[in-house]
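Trainee: This is the structure I want to talk about, given as structure tokens.
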Amino acid sequence: MANNVSRRGAARSLIVPGVLLLVVLAVLISLGNWQMRRLSRKLALIDRVESRLAADPAPPPGPQDWPGLKADDIDYRQVRLTGTYLPGDLYVFTALGSPRGRYGGPGYWVMTPFQTTGGWIVFVNRGFVPQDLKALDARPGSGAPAGVVTLEGTIRHAETDGTSLEADPQKNIWYRRDPAELAEGADIPSDEVAPYTIDLNASMMPESGLPQPGETTVTFNNPHLGYALTWYGLAAAGLGVFIVFAVGRLRRPD
């Protein structure tokens, strides 16, 4: 009789820990489910980007398409456009860690305004130059081609954040591929400039080898499955600990 009473008391003593466990499990499982939803969205994004990179080039969005244009709608699209380069290269600092071409390390993206046959302007990333070859006279034959040319490249979204460094217009050094910021540096009205930039593809390699195109970085931070497994694992571990505790408590109520 006393033993039964002790067992009932032991069972009642598990109510509060059990309720707390349910709350903790609900939070952990919710976090795991959230990460799984983020994983699903990230995989869809990766599939979308891969299909865009493999697609045939098409005309880039013109001024009629710019209002409301979102980065996810255009990023990594393959485009072909015709026009002429305008004078005035701008240099965006970068560090090319895994180059596909000959050159890498610290250097610059060479951003050149390009006026399309439609009259509007887009900044074209003609490629990478090493830090010690920034000056045009240090790399003969690497200036923008004159006359009407047809380009093929990859659309990249405007870089409006990611660094706190301020541009140095006097030294022609910039830190973001932000079309509005570059337009100001080139003294071009920003409303005439596309709200994205275009990286030249490797097929546009100049005879001089510089600037070095085809260095578009396609990487995705995708830790969501690992995070989800961590939250689910913590939930399973918490449940296991509670079960061991509860069994021991009921077996030895005293």
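Every read-out reported here was derived from the displayed coordinates using simple, explicitly stated rules and does not represent laboratory data. Owing to the predicted nature of the structure, the values given are computational and were not obtained by experimental measurement. Every residue, glycine among them, receives a Cβ derived from its backbone with ideal geometry; neighbour counts consider all protein chains shown.
Trainee: Need the full-extension length gain, S203 to L86, defined as separation in residues times 0.36 nm minus the C-alpha distance. One decimal, nm.
Mentor: On the way: separation 117, 0.36 × 117 = 42.12 nm, distance 2.12 nm.
Fully extending the segment from S203 to L86 adds 40.0 nm.
Trainee: Which FRET efficiency value, to the nearest 0.05, do you get for R252 and A26 by plugging their Cβ-Cβ distance into 1/(1 + (r/R0)^6) with R0 = 45 Å? List each step's numbers first, then the result.
Mentor: On the way: r = 30 Å, r/R0 = 0.66.
Given R0 = 45 Å and the Cβ-Cβ separation, E is 0.95.
Trainee: Which one of P113, Y232, A71 has its Cα pushed farthest toward the positive end of the charge dipole of the chain, where Lys and Arg give +1 and Asp and Glu give -1 at the Cβ?
Mentor: Farthest along the dipole direction, towards plus: Y232.
Trainee: Moving to a separate point now. Any chance you could run the full-extension gain for T230 through W34? It's 0.36 nm times the residue separation minus the Cα-Cα distance, nm to one decimal.
Mentor: Details: separation 196, 0.36 × 196 = 70.56 nm, distance 1.23 nm.
Here the segment from T230 to W34 would lengthen by 69.3 nm.
Trainee: Would you mind working out the magnitude of the charge dipole of the chain relative to its Cα centre, with +1 at each Lys and Arg C-beta and -1 at each Asp and Glu C-beta, to the nearest 20 Debye?
Mentor: Working: 24 positive and 25 negative charges, 469 e Å.
Dipole of the chain, to the nearest 20 debye: 2260 debye.
Trainee: Separate question: From the Cα gyration tensor of the chain, with a ≥ b ≥ c the square roots of its eigenvalues, which class applies: rounded if a/c is under 1.5, or else prolate if a/b is larger than b/c, or else oblate?
Mentor: Values: a/c = 3.66, a/b = 3.14, b/c = 1.16.
Taking the square roots of the gyration eigenvalues as a ≥ b ≥ c, the chain is prolate.
Trainee: Right, here's the next one. For segment 184-254, give the magnitude of the charge dipole about the Cα centre (Cβ charges: +1 Lys/Arg, -1 Asp/Glu; no others), in debye to the nearest 20. Please list the in-between numbers first.
Mentor: Details: 3 positive and 8 negative charges, 282 e Å.
Using Cβ point charges on Lys, Arg, Asp and Glu, segment 184-254 gives about 1360 debye.
Trainee: Over segment 1-145, what is the relative contact order in whole percent, taking alpha-carbon pairs under 8 Å and six or more residues apart?
Mentor: Values: 140 pairs, mean separation 20.7, N = 145.
The value is 14 percent.
Trainee: Where in the chain are the DSSP H helices whose C-alpha atoms run 27 Å or more along the long axis and whose mean Kyte hydropathy is at least 1.0? Display every interim value, and only then the final one.
Mentor: Values: long enough: 15-54 (58 Å, 0.95); 224-251 (40 Å, 1.15).
Span-like helices, by this rule, are 224-251.
Trainee: Separate question: Starting from the Cα-Cα distance between T117 and L239, subtract it from 0.36 nm times their residue separation and give me the gain in nm to one decimal.
Mentor: Details: separation 122, 0.36 × 122 = 43.92 nm, distance 6.62 nm.
So the extension gain works out to 37.3 nm.
Trainee: Now a separate question. For segment 183-200, just list the computed ³J(HN,Hα) in residue order, Karplus coefficients 6.51, -1.76 and 1.60, θ = phi - 60°, integers in Hz, with x standing in for Gly and Pro.
Mentor: Rounded to whole hertz, the list is 4, 4, x, 8, 6, 10, x, 5, 6, 9, 10, 4, x, 8, 10, 10, 8, 5.
Trainee: Compute the Cα gyration tensor for segment 77-204, then decide on rounded, prolate or oblate, letting a ≥ b ≥ c be the square roots of its eigenvalues: rounded whenever a/c is under 1.5, prolate when a/b is larger than b/c in the other cases, and oblate in all that remain.
Mentor: It comes out rounded by the Cα gyration axes.
Trainee: Moving to a separate point now. Looking at the square roots a ≥ b ≥ c of the eigenvalues of the Cα gyration tensor of segment 58-147, which shape do they give, rounded for a/c under 1.5, prolate if a/b is larger than b/c, or oblate? Let's see the in-between values first.
Mentor: Details: a/c = 2.49, a/b = 1.50, b/c = 1.66.
Here segment 58-147 falls in the oblate category.
Trainee: How many nm separate the modelled label positions at A11 and R48, each set 7 Å beyond the Cα in the direction of the Cβ?
Mentor: Going by the 7 Å Cα→Cβ label model, 5.4 nm.
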